[in-house]
Amino acid sequence: MEFPYMEAVVGFMILMYLFETYLDLRQHAALKLPTLPKTLEGVISQEKFEKSRAYSLDKSHFHFVHEFVTILIDSAILFFGILPWFWKKSGTFLPLIGLNEENEILHTLSFLAGVMIWSQITDLPFSLYSTFVIEARHGFNKQTIWLFFRDLIKGICLAIVLGPPIVSAIIVIVQNGGPYLAIYLWAFMFVLSLVMMTIYPVLIAPLFNKFTPLPEGELRLKIEKLASSLKFPLKKLFVVDGSTRSSHSNAYMYGFFKNKRIVLYDTLIQQCKNDEEIVAVIAHELGHWKLNHTMYSFIAVQILTFLQFGGYTLVRNSSDLFRSFGFDTQPVLIGLIIFQHTVIPLQHLVSFGLNLVSRSFEFQADAFAKKLGYGSALRAGLVKLQEENLSAMNTDPWYSAYHYSHPPLVERLAAIDAADKKEE
């Protein structure tokens, strides 16, 4: 008797949904609390707290509906054999346009085209509601409906241009990889990630946002001085027009080796009237670089990617596994999809572990900025970001431990204050 892999996968998906819904309910209860955490009393205004609470509860209600619909659709697709049915239908479409359905690459691209159309249809109502109802209701959305659909069309065009050669290369590698398949797949994905990290900020990101050099002035001088003092190879300092889409704010850095760039959202500059707060946020980001957090994260991702491909090579020829999901053939893409579903338990554990590491890195980067003398400015900057983004003020400890890659504001301020007390 064959092991019921598909039923086991669907069962675990539902169990994880129930577990995460339990955590969501705990978080929802925390969001409904009518008072600020003691750490934030006198720090966050009551007006901002009420706005944050209303925004967080709106997002929470939306999240419950979205997750319920998602698990319903995903479970049905697997349990009722829609996945193998759709794979076969995508193949029968090819002869209608004069193509060979026996060609696995063409069959896979036809299947992915159908999946993309389906995902757009099912995701679009949620995206529209999130952007033009929830985000707009709380003053964040700045997009017009035209800009929204223009971005959507650009994203689809990019997928059409970049997807086929990548998918084709993966299929060819799997078909010809032999005993070193895991190494070849990992090497391909490693090179692809480097290429994408190189071309994304130069060719892809500008398709969606406008990047302009930060104007000469005191803020630019302070950031350049900070970067120079840390020997950070800053080559370009940009401002991105995030305000064309949202009033949420952020800052980030990217680049290889001696060609680093820092990007500030224009909303961050507008919201933080004090330059020191912005510089403190940049000091935190530079802390990640100085402490090699970016490198450690990249290495961890590469190791996990290699292990995943290693696991895939062990099961890709399992006819029992494919039959359990309703397939009488063993297409490369379907094998990858099935494998991803079968390792869901391990993925959740790995994700939890990575979140723990990421939270530790955030505390370290905060401490780094504080050692540079930006403790009070960082504190003020974190509070300002929390207020302006209307982030959740009350968080359930179980929920945040499981989901958050960044510690809640209460914990970060407590860590900064604890460091101050130690110094005293």
Unique residue being of a type in the set (Lys, Arg) and either closer than 30 Å to PHE79 by Cα or at pLDDT below 90 (or both) when the list is LYS384, LYS370: LYS384
Qualifying residue in segment 242-260 (condition: part of a helix (DSSP H, G or I) and in contact with a strand residue (DSSP E or B) (Cβ under 9 Å, 6 or more places away or on another chain)): yes
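Residue by residue, here is whether (1) closer than 30 Å to GLU387 by Cβ; (2) among the charged types (D, E, K, R); (3) open to solvent by less than 40 Å² (accessible area, probe 1.4 Å) holds:
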| residue | (1), (2), (3) |
| --- | --- |
| THR131 | yes, no, yes |
| THR144 | yes, no, no |
| PHE148 | yes, no, yes |
| ILE160 | no, no, no |
Any chance TYR200 is aromatic (Phe, Trp, Tyr), more than 21 Å from MET295 (Cα to Cα) and open to solvent by 80 Å² or more (accessible area, probe 1.4 Å): no
Close pairs (7 angstrom Cβ cut-off, 6 or more residues apart or separate chains): at pLDDT 95 or above in segment 3-21, part of a helix (DSSP H, G or I) and exposed (fewer than 14 other Cβ atoms within 10 Å of the Cβ) anywhere: none
Identity of the residue in segment 81-119, charged (D, E, K, R) and in contact (Cβ under 8 Å) with a residue 12 or more places away in the chain, that ends up surrounded by the most Cβ atoms within 10 Å (Cβ to Cβ): GLU104
Counted residues, segment 306-351 - those being open to solvent by less than 40 Å² (accessible area, probe 1.4 Å), modelled with pLDDT of 90 or more and of a type in the set (Val, Ile, Thr): 3
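Suppose we filter LEU57, LEU94, LEU72, LEU99 for residues that are assigned by the TED database to the domain that holds VAL10, in a helix (DSSP H, G or I) and farther than 26 Å from PHE132 by Cα; which single one remains?
When all the criteria are applied, what remains is LEU94.
Quick grid of which residues meet (1) in contact (Cβ under 8 Å) with a residue 40 or more places away in the chain; (2) assigned to a helix (DSSP H, G or I):
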| position | (1), (2) |
| --- | --- |
| GLU277 | yes, yes |
| GLU285 | yes, yes |
| ILE299 | no, yes |
| PHE306 | yes, yes |
| ASN317 | no, no |
Tally of residues being touching a helix residue (DSSP H, G or I) at 6+ places or on another chain (Cβ under 8 Å) and free of Cβ contacts under 8 Å to residues at least 40 places away in the same chain across segment 44-60: 2
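The values are calculated or read from the model by the stated rules, or taken from the named source; none is laboratory data. This is a predicted model, so every value here is computed, not measured. So basically every Cβ, Gly included, is an ideal-geometry build from the backbone, and we count neighbours across all protein chains shown. To get the accessible areas, we keep the full protein, side chains included, count just its heavy atoms, and leave off ligands, DNA and RNA. Shrake-Rupley method; radii C 1.70, N 1.55, O 1.52, S 1.80 Å.
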